[in-house]
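Below is one structure, written out as structure tokens; comments come after it.
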Amino acid sequence: MRAIRSNLLRIILAALLGLAGAGVSPVRAADEARPPLAIQFSLDRPIDAAAAPFVMAATGGLFTAEGLAVTTHIAAGSPDAIARVAAGSSDFALVDINALIRFRDRDKQGVPRVKAVFVLFNKAPYAIIARKSRGVTALSDIEGKNLGVAEGDLSIRLWPAVARLNGIKTGSIKQSSISAAVREPMLSAGQIDAVTGFSYLSAINLRDRGIPADDLAVLKFADYGCEAYGFAVIVNPTLATAKPEAVRGFVRAVIGGVNLVIKDPVKATTEVVSRMDGGSREQELERLRAILRDNILTGDVKRNGIGGIDPARFERSIEQVAEDFKFQKRPNASDIFDDQFLPPLTGRLIN
């Protein structure tokens, strides 16, 4: 009888344990089996060193760890990338934040407004790149020269503010509209004296064309009073409302990607070049180091962490945008940038 009771107790205990296991396992299994959230991400230009944080976030499994399956697309410039996010065909995009300021003022869709949630470039890369042998070694030397401006160039939009701050007589400058494809060749051939562009693009491209580094003057707008921020991550407002944790996860992954780039820029360059059509590893490594030095790892970022803005500085930058753009309604910093998706400061400090 005792043996029967003992067997019965063992059967009941096993059944209870089985029920308990059945109550936990399906939930855990559901969590483990839950598919990642598909994310469409747009770059505003073909992949180069500027995309390294996103490439490293992908190859390092950081997006996957956040439950995101990110597919990258190439847009035809910042306005196109912003329009894709506004329309919902892209969830996120990397764009020039000053292009976003102008786009928002012209957006008549009547839908929730696109905002930036993470600033990658603490300083915009806008610059004038000139030949010293053509008589340009400082910004004041640009007076009386022939300045080439490529179609769609973003730097020229902040040039009026920089010129005013530095007392440059813009009326004395001949401004030539040129194709982006011939910007560096024309400067290399001496057909123009200087060009507007991004400091990490044109200057390095020109050295690749055989122009000695000591013959190039790279006049960065940020060194002459330009307050503008540069590339930033924007998000579709519907996604931001419906899945805020996915937005936070995307931002965390990008910050992790930045740290991976800083830790091993050579590896990051290799990964970037493997995704380019005919990219030069040496050239992109030089480009990446310039971006880290001049645009990402600024004194402000080292002090206050990556990703955010100084509202007072941002307001001043909007005023500088207004020198070349007539606002229908001038925005405030909070109209353009939403900081609620940033991690705490400890999660944004860069080593």
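The values are calculated or read from the model by the stated rules, or taken from the named source; none is laboratory data. No experiment lies behind these values; they were computed from the predicted model shown. Using ideal geometry, Cβ is built from the backbone for each residue, glycine included, and neighbour counts are taken over all protein chains shown. Areas reflect the complete protein model, heavy atoms only, side chains present, ligands, DNA and RNA absent. Shrake-Rupley method; radii C 1.70, N 1.55, O 1.52, S 1.80 Å.
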Over the chain, what is the percentage of antiparallel beta bridges among all DSSP beta bridges, to the nearest 5? 55 percent
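Could you tell me what percent of the accessible area of the chain is made up of carbon and sulfur, with a 1.4 Å probe and every protein chain present?
Numbers: 8720 of 16380 Å².
Accessible surface attributable to carbon and sulfur in the chain totals 53 percent.
What's the longest bit of the chain with no exposed GluC sites (Glu not before Pro), using DSSP loop states and at most 16 other Cβ atoms within 10 Å as the test?
Working: sites that count: Glu143, Glu151, Glu323.
For GluC sites (Glu not before Pro) (loop position, at most 16 other Cβ atoms within 10 Å), the longest site-free span of the chain is 152-322.
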Treat each spin label as a single point 7 Å out from the Cα along the C-beta direction, and report the Lys169 to Asp215 distance in nm. 3.0 nm
Label zone at Asp300, where the point sits 7 Å out along the Cα-to-Cβ direction: segment 89-106 residues whose backbone N lies under 11 Å: none
How large is ³J(HN,Hα) for each residue in segment 157-164, as worked out from phi by the Karplus curve 6.51 cos²θ - 1.76 cosθ + 1.60 (θ = phi - 60°), to whole Hz, x for Gly and Pro? 5, 9, 4, x, 5, 5, 4, 4
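For segment 194-320, take the alpha-carbon Rg, divide it by the Kirkwood Rh, and send me Rg/Rh.
Across segment 194-320, the Cα-based Rg/Rh ratio is 1.00.
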Could you work out the per residue convex hull volume over the alpha carbons of the chain, in cubic angstrom? 166 Å³
Nearest 10 degrees is fine. How inclined is helix 2-33 to the longest principal axis of the chain, computing both from alpha carbons? 20 degrees
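As an exercise, take the mean of 1/r over every pair of distinct alpha carbons in segment 180-269, invert it, and state the Kirkwood radius in angstroms.
Working: mean 1/r = 0.0598 Å⁻¹.
Evaluated over segment 180-269, this radius sits at 16.7 Å.
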Compute the Kirkwood hydrodynamic radius of segment 51-124, taking the inverse of the mean of 1/r over all pairs of distinct Cα atoms, and give it in Å to one decimal. 13.6 Å
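Based solely on its DSSP helices, what 222 nm [θ] is calculated for the chain when runs of n ≥ 4 H residues each add -39,500 (n - 2.57) and the sum is averaged over all residues, nearest 500 deg cm²/dmol? Don't jump to the answer; show the numbers that get you there.
Values: 15 runs with 151 residues, N = 351.
Only helices count here, giving -12500 deg cm²/dmol.
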Out of residues 5 or more away from Lys115 or on other chains, whose amide H comes under 5 Å of its own, with H placed 1.01 Å from N in the peptide plane? Val235
How far apart, in nm, are two points set 7 Å out from the Cα along the Cα-to-Cβ line at Glu323 and at Thr238? 4.0 nm
Per-residue ³J(HN,Hα) for segment 322-336, Karplus 6.51 cos²θ - 1.76 cosθ + 1.60, θ = phi - 60°, Hz, x for Gly and Pro: 5, 6, 10, 8, 8, 6, 6, 8, 5, x, 9, 4, 5, 6, 10
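List the pairs from Lys123/Lys174; Lys220/Lys326; Lys132/Lys329; Lys145/Lys329; Lys145/Lys326; Lys115/Lys302 whose alpha-carbon separation is above 32 Å, in the order I gave them. Walk me through the intermediate numbers first.
Numbers: Lys123/Lys174 27 Å; Lys220/Lys326 25 Å; Lys132/Lys329 42 Å; Lys145/Lys329 36 Å; Lys145/Lys326 28 Å; Lys115/Lys302 24 Å.
In this structure, Lys132/Lys329; Lys145/Lys329 exceed 32 Å between Cα atoms.
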Residue-ordered couplings for segment 147-153, obtained by feeding phi - 60° into the Karplus form 6.51 cos²θ - 1.76 cosθ + 1.60 and rounding to whole Hz (Gly and Pro as x), are 9, x, 10, 6, 4, x, 4
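Calculate the translational D of segment 143-215 in whole µm² s⁻¹ from Stokes-Einstein, where the hydrodynamic radius comes from the Kirkwood formula applied to all Cα pairs, the temperature is 25 °C and the viscosity 0.890 mPa s.
Numbers: Rh = 12.8 Å.
In µm²/s, the coefficient rounds to 192.
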For the chain, the longest site-free run once trypsin sites (Lys or Arg not before Pro) in DSSP loop states with at most 16 other Cβ atoms within 10 Å are removed: 1-107
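Kindly report the accessible area of segment 115-218 per residue (heavy atoms of protein chains, probe 1.4 Å, no ligands, DNA or RNA), in Å².
39 Å²
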How compact and how long is segment 256-339, expressed as Rg and Dmax of its alpha-carbon atoms in Å? 17.1, 46
